[in-house]
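Shown next, in structure tokens, is the structure this report addresses.
The values are calculated or read from the model by the stated rules, or taken from the named source; none is laboratory data. If you're wondering where the values come from, they're calculated on a predicted model, not measured in any experiment. Every residue, glycine as well, gets a Cβ built from its backbone with ideal geometry; the counts of neighbours run over all protein chains shown.
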Amino acid sequence: MPVSDRVYDSEQSRESLDALTVTVVRTTSGFAALAPEWRTLLADSNVNCLFLTWEWLYTWWKSLAGSRHLRILVIRRRGTLVGIAPFVIRAAEPNRLLPFRAVEFLGVGTVGSDYLDVILRKGEEEQACAVIAEHLGRANLMLDMRRVAKGTANAERLVSALVERGWSGTLTGDDICPYVPLFGLSWEQYFAGLGREFRYSLRRSRRHAQSAHSVSYVSVCRERDRSAALRTFVKLHDKRWGGRRGSQALPDDSILRFHEQWSRIALSRGWLRLSMLNFDDTPVASTYGFSYGGKLYFYLSGFDPSFANYGAGRLCLEEGLHEAYREGLHEYDFLHGDEQYKFHWTKKTRALGRYRLFPPGMRGTTSRWIMGGRERAKLLLHGGFRPAGTYGIETIGGESRGGHLQ
């Protein structure tokens, strides 16, 4: 049996490093049983965010995992949970020049999970990463970590531990997340800091809307209203993008089923922020987001373009930001994407990165070579070949070869 299969062969496969043990969870029932401990660990970590909650990732696993195989690494010290590496195994895809399986995070893909990471108890990060690195070395598979918050992630500690063991790879930019700090300023002070022309446009839009309609802003707070409000939001989102094919966020029915399940869970946990701007009794704009850990995660929005002359989408977003201030939250996060409208509200951003790590040996070398060719082909297809060093790709471990993906 190959080493990679042997390491992940049973749910109770274990190894130790300085009194730490690793248990591999590879079944849905095992994943479900982790819920209480997962919540406690996440709250005691430095990466506590919505997209690492057990609720988000378990819902994703049941709805959108596809052909992936569950491989959650659970790290304990004398029975006490100190770390979770929320991994899956991605199947080989030869038709996409991905001939080998790879380890990646739960939650990747079109659902739009940001700030993915390994979850480690504060003070246990270094040793937990060392034992995860030892385990991954035995698996001998490429590690592909996407949507990692550059500069603040536990994943970067894991990268260092792997490089110490002979791994090499790359870091590439994966997107940016604009955000608004809400603490230290009143709403009036924040609003006064927006661009002068933008403030004028907002006020003019509000006066125009209120002169022609009865304007109201409502948020879903009851389960009996949730499903209908979600359907209305999806219709407004589709209208905004000229039909579902125009949007990459809600591309198919599987994603819609995910949000039906997830929004129900989020509402029950007090996290859902699904809001509607109404002109008279007609919904004209909507925002879909979540409040978690003192932070508002703006997920998606939609509006009816026939009301664009009233600035309906901007007015709805303004109401949501104002509500976040009233709620006492410390941040409004627009999540990944550099859409121009976000920068009317803030100039601050966080960078997300993608780490591709390859184990030492023939399989790692072959994977690295194939991925390098695949990346260069993509660059040629999107704008032509550029000089070395212009790809935004940083080599990790090993020797750099002209700035290309290694």
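Quick notes on this structure:
- Among all residues of segment 160-168, there is none that is more than 19 Å from residue 397 (Cβ to Cβ), assigned by TED's automatic domain parsing to the domain that holds residue 19 and part of a strand (DSSP E or B).
- Restricting the first member to segment 296-309 and to residues that are over 24 Å from residue 259 (Cα atoms), and the second to residues that are modelled with pLDDT under 95 and not in a strand (DSSP E or B), no beta-carbon pair is closer than 8 Å while six or more apart or on different chains.
- Filtering 91, 35 for residues that are modelled with pLDDT of 95 or more and either more than 17 Å from the chain's Cα centre (by Cα) or not aromatic (Phe, Trp, Tyr) (or both) leaves a single hit, 35.
- Residue count, segment 192-223 (criterion: touching a strand residue (DSSP E or B) at 6+ places or on another chain (Cβ under 6 Å) and either part of a helix (DSSP H, G or I) or without any contact (Cβ under 8 Å) to a residue 40 or more places away in the chain (or both)): 1
- Taking the criterion of being crowded, with 23+ Cβ neighbours inside 10 Å and either within 24 Å of residue 289 (Cα to Cα) or out of contact with any Leu (no Cβ under 6 Å at 6 or more places or on another chain) (or both), the only residue of segment 120-131 that qualifies is 120.
- One residue alone among 227, 160 is small (Gly, Ala, Ser) and either closer than 28 Å to residue 338 by Cβ or out of contact with any Cys (no Cβ under 8 Å at 6 or more places or on another chain) (or both), and that residue is 227.
- Pair list, Cβ < 7 Å and 6+ apart or interchain, from segment 84-107 residues that are on the phi > 0 side of the Ramachandran plot and assigned by TED's automatic domain parsing to the domain that holds residue 58 to residues that are surrounded by 20 or more Cβ atoms within 10 Å (Cβ to Cβ) and modelled with pLDDT of 95 or more: 107/51; 107/56; 107/57; 107/60; 107/113; 107/116
- Sole exception among (1) under 27 Å from residue 176 (Cβ atoms); (2) crowded, with 20+ Cβ neighbours inside 10 Å for residue 310, by number: (1)
- Within segment 103-142, tally of residues that are under 26 Å from residue 50 (Cβ atoms) and either at pLDDT below 95 or in a loop (DSSP other than H, G, I, E, B) (or both): 16
- Given (1) within 18 Å of residue 262 (Cβ to Cβ); (2) free of Cβ contacts under 8 Å to residues at least 40 places away in the same chain, number of the condition residue 116 does not satisfy: (2)
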